[in-house]
Amino acid sequence: MYDEIVKLISNVGFPIAVSIYLLVKLDKRLEEIIIILSAMEHRERERRP
């Protein structure tokens, strides 16, 4: 994995490599947040008459 990171940095540059890393790491968390918000919206709709 370390070799892949070094190749990525040498090919596209440090800022782009960091951006890709952050997008990959945050993607899973964003999906979890979307699921939680959808569940909250569903509960709120059930509570309304």
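The values are calculated or read from the model by the stated rules, or taken from the named source; none is laboratory data. The shown structure was predicted, so the numbers you read here are calculated from the model rather than taken from an experiment. We place every Cβ from the backbone using ideal geometry, glycine too, and count neighbours over all the protein chains shown.
So here's what we get for this one:
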quantity: Single condition LEU26 does not satisfy, out of (1) surrounded by 11 or more Cβ atoms within 10 Å (Cβ to Cβ); (2) at pLDDT below 85; calculated: (2)
quantity: The stretch 6-27, residues that are outside any helix (DSSP H, G or I) and in contact (Cβ under 8 Å) with a residue 12 or more places away in the chain; calculated: none
